[in-house]
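Here's the structure we're looking at; comments come further down.
Values quoted throughout were computed directly from the atomic coordinates according to the rules given, and no laboratory measurement underlies them. What you see is a predicted model, and the numbers here were worked out from it, not measured in a lab.
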Ligand SMILES: C[S@@+](CC[C@H](N)C(=O)[O-])C[C@H]1O[C@@H](n2cnc3c(N)ncnc32)[C@H](O)[C@@H]1O
């Protein structure tokens with residue numbers, strides 16, 4: 001998420017976002033979705049224009065990104081089978097308001113009977129088909145897995161270095177007064193080995209903390225089973241282990257959010273605030289490689305968007321505004337807001353500093 005300080009959102013909150021202090025790239029406006037549509041087309045072409053072309057958006061939130069991708073009419077749309085995966089039932093309800101969703105078993109359909117005993121075959125040219133699920137589908141797919149700000153939401157442990165090796169920070173009921181307190185136990189040997197590998201050659205002061213990426217490891221393993229041939233595009237807060245260690249204890253990379261604002265200490269009011277962690281680049285790349293993916297690119301969001309032609313889209317928006325300003329409809333206004341959106345999406349002190357890691361298999 002982006003904590004706006006200057007520019008487009010400096011006054012807080014552009015139109016329609018009153019009261020929201022933290023925005024993700026899709027919430028900035030439709031430009032991000034238009035860029036993602038180009039990224040999907042690029043992968044589709046690299047994969048030889050498969051049909052069906054399955055795009056799984058993991059942690060799809062309220063469906064805003066999916067809607068903007070479809071509105072951009074990517075070249076792959078007739079082949080496109082878009083699967084939104086979102087764990088929150090309330091957000092899945094919001095997706096239904098934004099998108100025309102098909103029953104989940106249509107993800108690769110509609111189907112036609114195969115010859116004799118063959119499995120039914122998907123009908124080509126039937127896209128876009130959009131379905132919503134609670135968890136990653138048990139499919140083998142050719143396509144793309146897309147995750148914007150999912151990885152920092154996945155479960156993680158906390159490790160602390162000590163003169164005697166890595167410890168894990170666990171939580172126990174406090175003996176007096178209710179609430180919780182931290183308890184340090186020796187880290188599992190596998191975790192300690194992985195932490196040693198990540199910090200090899202770095203100075204690790206006793207008491208330094210790092211995340212243990214349990215959810216990320218499990219997520220990539222599931223993705224690897226799902227993607228027969230394709231691309232994973234993960235966009236997130238990512239930083240090097242060295243820089244995360246420099247920041248001292250966990251308070252700088254472990255953040256809590258409540259009602260779209262920073263929350264309190266992580267052990268306060270359990271269940272009422274989101275707890276997120278910066279992703280350690282070395283841990284992410286290790287999990288990806290270990291699951292069988294090859295790193296195709298690891299770049300800032302700003303560079304990624306430039307490579308996808310964000311400037312061209314801004315220019316097209318300017319022309320759209322000029323030709324429709326007298327009508328003043330939604331299309332005209334969308335065109336006009338593209339300059340400000342591009343500034344927010346590429347801001348090196350904000351969303352532009354997110355990392356986009358592209359993996360292939
Ligand atoms: C920071 S939000 C980002 C939402 C959206 N991608 C965006 O960019 O606006 C992270 C989302 O991931 C969802 N999420 C967390 N863990 C998940 C999981 N294991 N599977 C699917 N969704 C998950 C959360 O409910 C939340 O909607």
Calculated diffusion of the chain, Stokes-Einstein form, Kirkwood radius summed over Cα pairs, 25 °C and 0.890 mPa s, µm²/s: 112 µm²/s
Taking the Cα centroid of the stretch 125-152 and of the stretch 27-76, what is the distance between the two, rounded to the nearest whole Å? 10 Å
Expected unfolding gain across residue 275-residue 124 under the 0.36 nm per residue rule, minus the alpha-carbon gap, is 50.1 nm
Top mean-square fluctuation among 57, 182, 102, Gaussian network model of the chain, C-alpha springs under 10 Å? 182
Using 0.36 nm per residue of separation minus the Cα-Cα distance, give me the extension gain between residue 176 and residue 333 in nm, one decimal. 50.7 nm
Over the stretch 157-210, the quotient of the Cα radius of gyration and 2.2 N^0.38 Å is 1.27
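Return one quarter of the surface area of the convex hull spanned by the alpha-carbon atoms of the stretch 240-312, equal to its mean projected area, in nm².
Its average projected convex-hull area is 7.6 nm².
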Using just the helices of the chain, give the 222 nm mean residue ellipticity in deg cm²/dmol: DSSP H runs with n ≥ 4 each add -39,500 (n - 2.57), and the total is spread over all residues, rounded to 500. -9500 deg cm²/dmol
Pull out the extension gain between residue 202 and residue 90, defined as 0.36 nm times the separation in residues minus the alpha carbon to alpha carbon distance; nm, one decimal. 36.0 nm
